[in-house]
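Remarks on the structure that follows.
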Amino acid sequence: MTRANHSQRGQGRVSKRIAAIAESATLAVDAKAKALKAAGRPVIGFGAGEPDFPTPGYIVDAAVNAAKVVANHRYTPTPGLPELREAIVRKTKRDSGYEITADQVLVTNGGKQSVYQSFAAILDPGDEVLLPAPYWTSYPECIKLAGGVPVEVFADESQEYLVTVDQLERALTPKTKVLLFCSPSNPTGSVYSPEEVKAIAEWADAKGLWIITDEIYEHLLYDGATAPSIPVVHPAIADRTIILNGVAKTYAMTGWRVGWMIGPKDVIKAATNHQSHLTSNVANVSQRAAIAALDGNLDAVKEMLSAFNRRRKLIVAMLNEIPGVQCPMPKGAFYVYPSIKGLLGKEIDGARPTSSAELAALILEKVEVAVVPGEAFGPSGYLRLSYATSDEDIVEGVTRIKNLLSKAK
Ligand code: GLU
């Protein structure tokens with residue numbers, strides 16, 4: 001092949017579509033912290049949102065038993081084991097009061113795959129997605145991979161990071177097809193009130209939009225907050241709603257990779273066709289573990305929740321003691337999202353960070369604490385810290401951050 005021929009076969013070795021995708025910042029920070037730790041550094045990680053508890057024993061036992069059953073060594077139906085889809089039907093009724101049938105459920109490789117497949121199932125090239133910001137780092141990349149255009153709608157700390165219907169209305173165009181909704185929110189921990197959820201659902205319905213609603217943090221709620229499910233609050237939009245969920249956060253099962261999407265039958269069928277060419281079924285041993293989790297009670301999450309609640313108060317109080325840091329008290333999930341705008345441009349230990357990305361890099365370099373910069377989730381000026389880690393690490397890690405940032409001048 002001549003050089004000329006070769007160059008006609010594409011401009012670069014990596015496709016433009018994939019080259020445009022940034023690495024997941026949450027996973028990158030987590031990997032960096034874990035690698036430094038493995039190399040013997042005393043790193044404290046507030047990076048990835050991953051419960052520090054083990055998966056409850058009865059779930060692990062179900063997996064061990066499943067591994068011995070030959071049927072679980074084989075392919076099973078793409079959309080999931082029938083028993084798991086039925087367990088998801090029962091769980092959705094129990095936890096959300098939402099009645100569905102098993103053919104409205106597609107089991108995916110973690111909640112993340114359901115994010116991508118949902119957008120892929122309903123977006124055509126150029127369709128716009130209203131994306132309340134700060135947003136989870138993978139949403140815009142999944143939207144772009146699916147050919148869509150993310151349209152950020154930013155709410156800052158003065159509005160508890162919660163967007164209003166007015167803001168959404170201003171971002172609406174004839175190309176808008178979907179609203180992404182996530183409450184409790186990753187990365188801010190903010191929770192919309194039932195009235196706000198209803199107002200947003202009614203507005204989206206009136207505009208003919210779809211809603212993709214991420215309910216992965218549904219059980220992680222504090223101070224009496226609730227997180228009602230969109231199609232329960234406003235049933236009229238159920239036929240244009242896709243719910244995303246999974247076992248990762250509720251049962252400390254991040255590594256098992258079991259998530260699901262719930263939606264109208266035609267969309268679930270289309271997404272299942274897509275998945276049949278991507279990944280086929282999720283690992284059966286993990287699916288069997290998920291059945292045990294969903295058919296069991298919620299005692300384990302209640303136990304984790306009381307630890308998370310204690311850590312939430314601890315980390316917010318400690319962060320707010322640092323001059324230049326302003327940390328709202330979140331009502332859900334296990335993240336805090338302090339503004340550090342008061343520190344940007346100041347001299348800190350010989351450096352002068354002008355963005356949260358630079359500040360996060362400085363914190364890792366100087367005091368070996370891993371946090372995720374706001375740029376991963378929208379505008380600069382913020383840090384995300386996961387408090388799904390031990391109380392000791394919170395005290396030690398935030399003390400180190402305080403010692404460093406107190407030098408700002
Ligand atoms: N969802 C968690 C986070 O935001 C886990 C890492 C990831 O998949 O992004 O940290």
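Points worth noting:
- Think of each Lys and Arg Cβ as +1 and each Asp and Glu Cβ as -1; about the Cα centre, that makes the dipole of the chain roughly 1220 debye.
- MRE, 222 nm, helices only [DSSP H, n ≥ 4, -39500 (n - 2.57), over the chain, to nearest 500]: -12500 deg cm²/dmol
- Pairs from LYS207/LYS313; LYS269/LYS302; LYS112/LYS177; LYS32/LYS112 whose Cα-Cα separation, in the structure shown, is over 31 Å: LYS207/LYS313; LYS269/LYS302
- Its alpha carbons give region 359-409 an Rg and a Dmax of 11.2, 32 Å.
- Exposure proxy shown here: for THR213, THR164, THR78, the number of other Cβ atoms within 10 Å sets the order, fewest to most, as THR164, THR78, THR213.
- Positive-end residue of TYR116, ALA238, VAL316, charge dipole of the chain with Cβ unit charges: TYR116
- Arranged from fewest to most other beta-carbon atoms within 10 Å of their beta carbon, CYS327, CYS142 become CYS327, CYS142.
- In Å, descending, principal axis extents of the Cα set of region 58-207: 55, 33, 26
- Region 10-34 versus region 39-109: alpha-carbon centroid distance in Å: 27
- The average projected area of region 244-314, computed from the convex hull of its Cα atoms over all directions, is 6.1 nm².
- Cα gyration tensor category, rounded, prolate or oblate, for region 1-100 with a/c compared to 1.5: oblate
- Arranged from fewest to most other beta-carbon atoms within 10 Å of their beta carbon, TYR58, TYR139 become TYR58, TYR139.
- Diffusion coefficient (Stokes-Einstein, Kirkwood radius over C-alpha pairs, 20 °C, 1.002 mPa s) for the chain: 96 µm²/s, rounded to a whole number.
- Size check on region 174-327: the Cα extents along the three principal axes, sorted descending, read 51, 44, 28 Å.
- Each 10 Å bin from zero holds the following percent of Cα-Cα pairs in region 253-409: 9, 30, 23, 20, 14, 3.
- Exposure rule at most 14 other beta-carbon atoms within 10 Å, DSSP loop GluC sites (Glu not before Pro): the chain longest free segment: 100-320
- For region 221-282, the C-alpha radius of gyration divided by 2.2 N^0.38 Å, with N the number of residues, is 1.38.
- Inverse of mean 1/r across different Cα pairs in region 294-367, Kirkwood, Å: 14.4
- P(r) weight above 14 Å for region 189-253, C-alpha pairs, percent: 58
- Residues whose amide H lies under 5 Å from that of ILE21, counting only those 5 or more places away or on a different chain, are absent; hydrogens are built 1.01 Å from N in the peptide plane.
- Positive-end residue of GLY332, THR254, ASN186, charge dipole of the chain with Cβ unit charges: THR254
- FRET E, pair GLN159, GLN11, Förster distance 51 Å, beta-carbon r, rounded to 0.05: 0.75
- In Hz, Karplus ³J(HN,Hα) per residue of region 197-211 (6.51, -1.76, 1.60; θ = phi - 60°; x = Gly, Pro): 4, 5, 4, 5, 5, 5, 5, 4, 5, 4, 8, x, 7, 8, 10
We did not get these values from a lab; they are worked out from the coordinates using the rules stated. If you're wondering where the values come from, they're calculated on a predicted model, not measured in any experiment. All Cβ positions, even for glycine, are placed from backbone atoms using ideal geometry, and neighbour counts span all protein chains on display.
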